[in-house]
Every structure is written in structure tokens, then in C-alpha cells.
Amino acid sequence: MSAPDFYFAVNATARHIHDRYGKDVLIEYWRSLGREYYAARAKRWQLGGAQAIADDWTEYFLHEPNADVTAIAADRIVHMDISVCPAIKHLRDCGREIVPYFCEHCDHTCGAMAERAGFTFVRSGGMGSCRQSFYPTSLKPDEG
Amino acid sequence: MLGCQDFCGYYEWTFHYLRRRFGEAALAEYWSDAIAADSQRHYLDAARTEGLRGLYKTWAQTGVDEVCDWTVTLDEPSNLLRLDMRECPSKGYLLSNDLNADEDYCDHCMGWIGPALHQIGAEVAAHEHNHCGQCWWEIRNVAAEQPPIEVASDIRRDPRWSIGYLDRYSHQEKLPIVADSDRIDSVDVLRDWFASSTRIVALGANAQLPASSRADAVIVSGGRYALGDLEQVSSVLVEHIPELLPAIARVYRARKVRPLLVHPYLPQQPRLDFVEHQLPRATPILPLLIRSGAYCHHAGQATPGFYALAAMLAAALQKSLVLPDDVDATTLVHNSQASQTPV
């Protein structure tokens, strides 16, 4: 059930927690979500390594409407190029006001999952297209 | 990225996060402010423009997007927009993926629809859901007549309606969850039922009642109760075994003083049809166990047995638990410990 209007709720939830409880709580919410709700997924990343992460995201984005994403694993590192972020696209297409910190949910939720799996998550770009990378924690991102 | 394909899963997890960290009122505020007024504001826009017809069009589109198996009925002369859900895809996602982080996922619909309708002069005139993916709604303008209307698609005529347990609403107010009680929360029903006892005696299959248990609450498994030899039973914790229901029903109906039937309603276990056996729908125990922190559901985990559930129930009610001599209490600890990360 990939109904794109659910992106409205992702955006609204971030706004509500930010405005009601503050940015620190929002970050903790996102990180808890990564640690708890996605614990099993992070475990699979840990067991399968970079290729498992790339395969997981390739499969995931197949089910996100209008996503244009490639995920490639090489030398224990995953690089994911998000040419079209399906969430930002749908929110924009529907005229929704996107919270300026929307893209940070990836930093914190994916970041917490990556940490569990023994990786460091790095994002560059955002608000529609970005590059997301997963480096083994033993490797500094600038070495990749 | 937080996608839309698994949204219902982390949406439910979010309810639990807000509830455990900030309390029940915070969750109600979230549904009202974030969901009704922000995420779902296109419903409000449509209703302000076209009234019930606007809501009908918006819900019809949602039904297409979310692949709902339902019937949406608009009868404007009768001031009625009615929804009859045969298989809720949202609850269905949780059931099929063995997800049950929060006490009651189904509450969220009333949580946002109620406040949204209030803003436009309409209301949920009547609503029931059975926590298994079936529900019905009557949405009407408050200021107009609300004549009773029957619809052919009424989900209550569907055999699936008799599974699960019901939450019921009238004019946006929640109604008592069980007969002969004014309690609208299953947690209060359970606390009331066991209030007069300080100890709970648990009896599973073949266990015998201890001699000195007069002042105790006795909770038995469905299989034990079905033997029919116990008079002093406070509550029956019915297992997820449909085959036990006929025997349980025979004993239950033969008693003048009847126990409270309780049941875990775990997501991927067989669903029991209490109504078919002329039994009251059992009171759910998971909301109490989750709220108290006695239980945390993890997809794919082993299903807790009768004694583990009884131990969690006693812990949640802050009662001492008495077990048969041959049951090792230490083996129950693993099953009954919540393991989520505290926040």
C-alpha cells in the first residue's frame, strides 16, 4: 500500500513534534524510530554488509511512487543517488509547505540504523535530490 | 527515507512513542493538530467547499490510493455519509506484518476524523470498529436531522464482524466497552475486575485450585475452564485456540456467576469468534500490558503462553501471582519482560 498522501503525515509529524516539543525531541524521535522500529532491517544490513544495504534500498524505492534512485555497493561502501525524492516531489506537487528540516529525517533515522549496522551515514544535497552514502565505521567518509 | 509503503507500521510506532513519552493527551493532540489540521487538511478543504459530498469524493480517492475494500455511501437528502470497511488496508498492514507497538491503532481514525469534522459542523454520529480491519461510520451534519438509514453494505451483516472486540462511539463520545460497566477503557475494566484481590492465582491445563485461595482472584486458561469443574473463577484468559470455544461456551452459559473473559488478540494468531458461540467478546489485555510496560510486541517473536500472560497481567495490575508448584516462575521472566529502549 504505497499511497503517496502518507508523505503528508511524515511532513506534518515532523512539524508537530518540532513545534510542540523542540528540535532535540524531533531528532530523538527520528533516531528512536531507526533504532527500534527498523531494528530488524538494520540487523539485516549488519549481517549482509554494503551489498545488503544497496539491495534493500533498491527494493525499497521500487515501491515509492515516482522515485528515481540508484544504489550501488562497491569496496564496502554504498552510494545512493536520489535523483527524484518521491516524498519531496509529492509534497511539492500537492502544494504542501515542506518543513525546512524535512531531509534531516534521513540523517537521523538512517543514521541510527547505519550505526547499528556498523556504518556511518552521510548525506549531501537535499530537498528533492541528494546523495546518501554508507561507510563502514572503520573507514572515514573522506577515505571513500 | 521514511517511505509510504511501510508508513502504517511506523505511524503506529509513533503513537506508542508519543504515548509513552508524553502521555495520552499528547497523542490526542497529535491526531488533532498534525493529522486532522495539517496532513489531512484536504478533507477539511473539500468539506468546506462541498460538505458531505466533498468528504465523499476525498474518501473515495483515498480508497483508490490505499486499495480499500469498502463501500462509501452518500445520501445527502438523509444527511448521511457512511463508510463500511470490509478489509482496512492500514490495520491489515499491521496484522500481516505482526506489528502491535501501541495499545490501539484503530483509535487514530476517530482521533483525527472527530476533530476534523468538528471544525466543519459535522460529526461522527455513530461508529464501531472490531480491531480486525472491519468498521463502519455514520458521518452527518450536526445541525440537520439525522434519520436512521439502513444500507445494504452494512459491515455488521458480514461474518467477519463477529471477530475481535468492539470500540463504539455515538455522537463522537466513546461508549462503555463491556456490558454492565460505564468504563470506556479496557484497562479500567480490568483494574476494576481485579481490584478487590491482592493475589492472582493462575491455573493452566490440569492445575488444581490451592486450598487457601478464597480471597484470591483465580484466572484460568480457556482449556482449564472448559473442564467445567471450577466454580470460583474470576477470569478466563482464553488462548488463541478456536477449537476451545464450544466447550468454554457450554461451561460459561451453565454458570450463574460468570467470569470475565479476557484475550490477548495477538496480531498473527487465529481469530476467535466469541459471538458465534453466544459468548461476550473477550476484554483485550494487550492495551493494559503495553501501557504498563509489562509487554512489548516484536514481530516474529514467540507467542507468550498462558502462564507468561498471567504473569504479565498480574504485574500490570500490581498483584502477587500464585502459580502451581510445577510451574517455574523464572521461566516466565524472559517472556514477560519488555525490552524496548526507554526514552
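Listed values, structure above:
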| quantity | calculated |
| --- | --- |
| Signed unit charges on C-beta, dipole axis of the stretch A:1-88, positive-most listed residue A:51, A:67, A:82 | A:51 |
| Whole-angstrom gap from the stretch B:233-250 to the stretch B:61-77, using each part's C-alpha centre | 37 |
| Sorted by Cβ density within 10 Å, fewest first, the residues A:72, A:98, B:290 | A:72, A:98, B:290 |
| Contact order relative to length of the stretch B:186-336, as percent, for alpha carbon pairs under 8 angstrom and 6 or more apart | 25 |
| Cβ-based charge dipole, the protein assembly as shown, positive-most Cα from B:318, B:208, B:275 | B:208 |
| Net charge over other residues, Cβ less than 15 angstrom from the Cβ of residue B:187 (K, R count +1; D, E count -1) | -3 |
| Sorted by Cβ density within 10 Å, fewest first, the residues A:103, B:296 | B:296, A:103 |
| Packing-based order for B:272-280, B:306-314, using average beta carbon neighbours within 10 Å, highest first | B:306-314, B:272-280 |
| Charged-residue dipole, Cβ positions (Lys, Arg, Asp, Glu), chain B about Cα centre, Debye nearest 20 | 780 |
| Centre separation in Å (Cα based) which lies between the stretch B:92-109 and the stretch A:8-52 | 18 |
| Inter-chain Cβ neighbour average for residues B:29-38, partner chain, 10 Å | 4 |
| Rounded to 5, the percent of DSSP beta bridges in the protein assembly as shown classed as antiparallel | 75 |
| Antiparallel DSSP beta bridges within the stretch B:154-267, percent to nearest 5 | 15 |
| Which of B:329, B:132, B:80, positive extreme of dipole for the protein assembly as shown (C-beta unit charges) | B:329 |
| The stretch A:17-85: relative contact order as a whole-number percent, Cα under 8 Å and 6+ apart | 22 |
| DSSP-loop GluC sites (Glu not before Pro) across the stretch A:66-144, with at most 15 other Cβ within 10 angstrom | A:97 |
| Inter-chain shielding of A:57-66 (mean C-beta neighbours from other protein chains, 10 Å cut-off) | 2 |
| The stretch B:21-148 - percent relative contact order, Cα under 8 Å, separation 6 or more | 26 |
| Alpha carbon centroid spacing (whole Å) that separates the stretch B:270-286 from the stretch B:1-40 | 29 |
| Computed magnitude of the charge dipole of the stretch B:7-174 (debye, nearest 20; Cβ of K, R +1, Cβ of D, E -1) | 40 |
| Proximal lysines relative to residue A:23, as straight alpha-carbon distance under 30 Å, when same-chain residues fewer than 8 apart are discounted | A:43, A:89, A:140 |
| Formal net charge of residues neighbouring residue B:87 (Cβ-Cβ distance under 14 Å; K, R +1; D, E -1) | 0 |
| Rounded to the nearest 20 debye, dipole of the stretch B:137-224 from Cβ charges on Lys, Arg, Asp, Glu | 480 |
| Exercise: per-residue mean of other protein chain Cβ atoms within 10 Å, B:5-16 | 5 |
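Bear in mind these aren't lab numbers, they're just calculated from the coordinates by the rules spelled out. For clarity, every value in this text was computed on a predicted model and none was experimentally measured. Quick reminder, even Gly has a Cβ in these numbers, built from the backbone with ideal geometry, and neighbours come from all protein chains shown.
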